[in-house]
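The values are calculated or read from the model by the stated rules, or taken from the named source; none is laboratory data. What you see is a predicted model; the values in this text were computed from it and never measured. Backbone-built Cβ (ideal geometry, glycine too); neighbour counts: all protein chains shown. All accessible areas refer to the heavy atoms of the entire protein, side chains included, with ligands and DNA or RNA removed. Shrake-Rupley method; radii C 1.70, N 1.55, O 1.52, S 1.80 Å.
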Amino acid sequence: MATEDTDTMARAVTVKRTGTAAAAGQAKQAPTRAWATRLITVGIVLAALNLRPAITSLGALLEEVRDGLGMSGTLAGLLTSVPPLCFAVFGVMAPRFARRFGPSAVVCVGMAAIAAGLVVRPFVGGTAGFLAATALALMGIAVSNVLMPVIVKRWFPDRVGSMTGLYSMALALGTSLAAALTVPMTDALGGRWQTGLAVWAALAVVAVVPWIPLVRDKGTASAAPEHVSATVRQEDAGLRITHSRTAWALAVFFGLQATAAYITMGWMPQIFRDAGVPAGEAGVLLAVTMAMGVPLAFVIPRVATRLTNQGPVVMVLGACGLAGYAGLYLAPAGGAWAWALLLGISNCAFPLALTMVGMRAKSSVGVAKLSAFAQSTGYLISIPGPLLVGVLYQHSGGWGLPIALMAGLMVPQIVVGTLAGRNRTVEEEVAARAAKA
């Protein structure tokens with residue numbers, strides 16, 4: 001009996017010590033996690049600010065770059081098609097890199113690649129070097145594009161909407177700032193297009209800094225715990241994403257909204273100019289369209305996550321797009337500001353798509369696969385759109401057919417977006433298909 005009492009007391013002491021040690025460990029981990037969460041928030045914002053300046057700064061100085069490098073019109077047109085191609089090709093590699101090195105490390109390297117590409121490309125000399133350095137920067141953007149929803153899902157599983165809105169807003173802000181400030185900064189720095197392009201590397205260098213302390217963190221120690229079982233995470237590791245109808249709907253929706261955005265950025269100023277709007281005002285109208293994404297990119301994801309079905313949001317954005325295209329067709333100059341605002345609202349389908357990526361999978365592993373599939377497939381779908389608009393414009397001699405194409409593409413965008421917005425996950429669909437097989 002005495003021996004039993006002694007054993008009982010020993011076990012009690014062991015349990016007490018274990019509990020005390022666990023409590024101490026949790027107390028020690030709490031400030032570490034809080035510090036890391038603040039750091040990751042800063043890193044997400046800075047990374048998002050760098051996801052578009054490499055593209056929009058080049059657009060602002062494309063004529064000077066063409067003259068400086070002796071680029072043909074065809075080659076310049078190819079240059080404008082490089083971003084979605086790189087996003088598709090490099091983006092699909094992101095989940096594999098994230099599994100091996102951790103998403104934080106991959107984003108850190110991505111920011112460094114953006115900085116290196118932006119520094120090198122204006123000064124390498126020759127078109128081939130310029131394209132290669134641009135591809136390096138776009139590679140960094142591509143992997144970061146795919147991993148942003150993954151990092152949000154892993155670190156902020158209960159705040160997917162607000163955090164997606166935060167980085168979508170930062171992304172829109174970076175896009176607008178690069179479009180608006182590149183030319184004035186180039187003039188202020190001596191008028192050389194090389195300097196005007198290279199200056200944006202400084203922002204990318206700053207974005208590397210908050211990710212450096214997180215390079216060795218693969219997300220299991222200090223990230224917020226995901227409310228999913230080990231079974232779900234294991235199933236997601238072998239998830240066949242192409243067996244999900246929602247994944248395909250989301251990929252097509254992503255591709256069609258990207259098509260609309262690239263057409264708007266590439267051709268809308270020309271539509272207004274051909275209608276008699278002064279060149280300066282046409283540029284301001286494009287800036288207004290892009291600037292609409294700053295506040296709405298924060299609001300729309302928060303609204304979307306509060307709904308079980310995001311279809312109504314898809315329909316509202318699509319209706320704004322159809323109204324904007326109708327205005328461009330009927331009275332492009334008379335209601336130019338109204339059409340610019342409507343198309344700016346419609347282009348906010350991008351943060352909605354990112355939000356749905358985070359909502360349609362159960363774990364961060366599933367989100368990584370869904371994000372890579374939806375974005376890579378979507379960007380491939382978006383490549384022909386701007387080129388086809390240019391062909392129709394050239395052969396028809398007006399904007400009637402191109403605008404009809406834009407409006408026509410909005411209809412399937414609404415349909416597939418509504419399908420992607422249904423309250424289901426890719427894991428459920430893949431499991432249901434496997435059960436029927």
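Scanning the range 117-170 for residues that are without any contact (Cβ under 8 Å) to a residue 24 or more places away in the chain and in a helix (DSSP H, G or I), which turns out farthest from Ile44 (Cα to Cα)? Among those residues, the one meeting the criterion is Ala128.
Residues of the range 348-379 being among the basic types (Lys, Arg) and open to solvent by 10 Å² or more (accessible area, probe 1.4 Å), which ones? It would help to see each step written out before you state the result.
The initial filter retains those residues of the range 348-379 that are among the basic types (Lys, Arg), namely 360, 362, 369.
Passing the criteria: Lys362, Lys369.
Each row is one residue, and each column tells you yes or no for (1) open to solvent by less than 10 Å² (accessible area, probe 1.4 Å); (2) touching a Phe, Trp or Tyr at 6+ places or on another chain (Cβ under 8 Å); (3) at pLDDT below 90.
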position	(1), (2), (3)
Ser57	yes, yes, yes
Arg66	no, no, yes
Leu75	no, no, yes
Gly91	yes, yes, yes
Ile114	yes, no, no
Gly117	yes, no, no
Phe123	no, no, no
Gly126	no, no, yes
Gly129	no, no, no
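Among all positions in the range 165-182, there is at least one residue which is open to solvent by less than 10 Å² (accessible area, probe 1.4 Å), at pLDDT below 90 and more than 14 Å from the chain's Cα centre (by Cα).
When the residues of the range 405-437 are filtered to those that are outside any helix (DSSP H, G or I) and either of a type in the set (Asp, Glu) or surrounded by fewer than 13 Cβ atoms within 10 Å (Cβ to Cβ) (or both), which remaining residue is modelled with the highest pLDDT? Restricting to residues being outside any helix (DSSP H, G or I) and either of a type in the set (Asp, Glu) or surrounded by fewer than 13 Cβ atoms within 10 Å (Cβ to Cβ) (or both), the top hit is Asn423.
Residues that are part of a helix (DSSP H, G or I), at pLDDT 85 or above and surrounded by 11 or more Cβ atoms within 10 Å (Cβ to Cβ) occur in the range 16-37; there is at least one.
Scanning the range 183-194 for residues that are in a helix (DSSP H, G or I) and open to solvent by 40 Å² or more (accessible area, probe 1.4 Å) yields Val183, Pro184, Met185, Asp187, Ala188.
Looking at Thr220, Thr231, Thr195, which is the one that is at pLDDT 90 or above, of a type in the set (S, T, N, Q) and out of contact with any helix residue (DSSP H, G or I) (no Cβ under 6 Å at 6 or more places or on another chain)?
So the residue among Thr220, Thr231, Thr195 that is at pLDDT 90 or above, of a type in the set (S, T, N, Q) and out of contact with any helix residue (DSSP H, G or I) (no Cβ under 6 Å at 6 or more places or on another chain) is Thr195.
Which one is farthest from Gln375 (Cα to Cα), of the residues in the range 312-334 that are surrounded by fewer than 17 Cβ atoms within 10 Å (Cβ to Cβ) and not aliphatic (A, V, I, L, M)? The residue in question is Gly334. Would you pick out the residues in the range 278-296 that are open to solvent by 50 Å² or more (accessible area, probe 1.4 Å) and without any contact (Cβ under 8 Å) to a residue 40 or more places away in the chain? Scanning the range 278-296 gives Pro278, Ala279, Gly280, Val284. Scanning the range 297-307 for residues that are closer than 16 Å to Ala172 by Cα and either open to solvent by less than 40 Å² (accessible area, probe 1.4 Å) or aliphatic (A, V, I, L, M) (or both) yields Ala297, Val299, Ile300, Pro301.
Counted as qualifying within the range 293-398 are the helices (runs of 4 or more DSSP H) with 2 or more residues that are within 26 Å of Trp155 (Cβ to Cβ), namely 293-305, 349-359, 364-382. Any residue at all in the range 78-86 that's more than 17 Å from Ile114 (Cβ to Cβ), assigned to a helix (DSSP H, G or I), touching a Gly at 6+ places or on another chain (Cβ under 8 Å) and of a type outside the set (A, V, I, L, M, F, W, C)? Yes, because at least one residue in the range 78-86 is more than 17 Å from Ile114 (Cβ to Cβ), assigned to a helix (DSSP H, G or I), touching a Gly at 6+ places or on another chain (Cβ under 8 Å) and of a type outside the set (A, V, I, L, M, F, W, C). Regarding Gly196, is this residue more than 30 Å from Gly366 (Cα to Cα) and small (Gly, Ala, Ser)? For Gly196, the condition - more than 30 Å from Gly366 (Cα to Cα) and small (Gly, Ala, Ser) - is met. Only one of the numbered conditions (1) modelled with pLDDT of 85 or more; (2) in a helix (DSSP H, G or I); (3) more than 19 Å from Leu328 (Cα to Cα) is not met by Pro402, and that is (3). Of the set (1) open to solvent by less than 10 Å² (accessible area, probe 1.4 Å); (2) modelled with pLDDT under 85; (3) not β-branched (Val, Ile, Thr), all apply to Ser382 but (2).
Restricted to the range 243-282, and to residues there that are polar (S, T, N, Q) and closer than 30 Å to Ala435 by Cβ, the residue that is nearest to the chain's Cα centre (by Cα) is Thr246.
Got a number for residues in the range 97-146 being charged (D, E, K, R) and within 16 Å of Asn50 (Cβ to Cβ)?
Selection size over the range 97-146: 1.
Under 17 Å from Ala361 (Cα atoms), basic (Lys, Arg) and buried (at least 21 other Cβ atoms within 10 Å of the Cβ), is that true of Arg154? Yes, satisfied.
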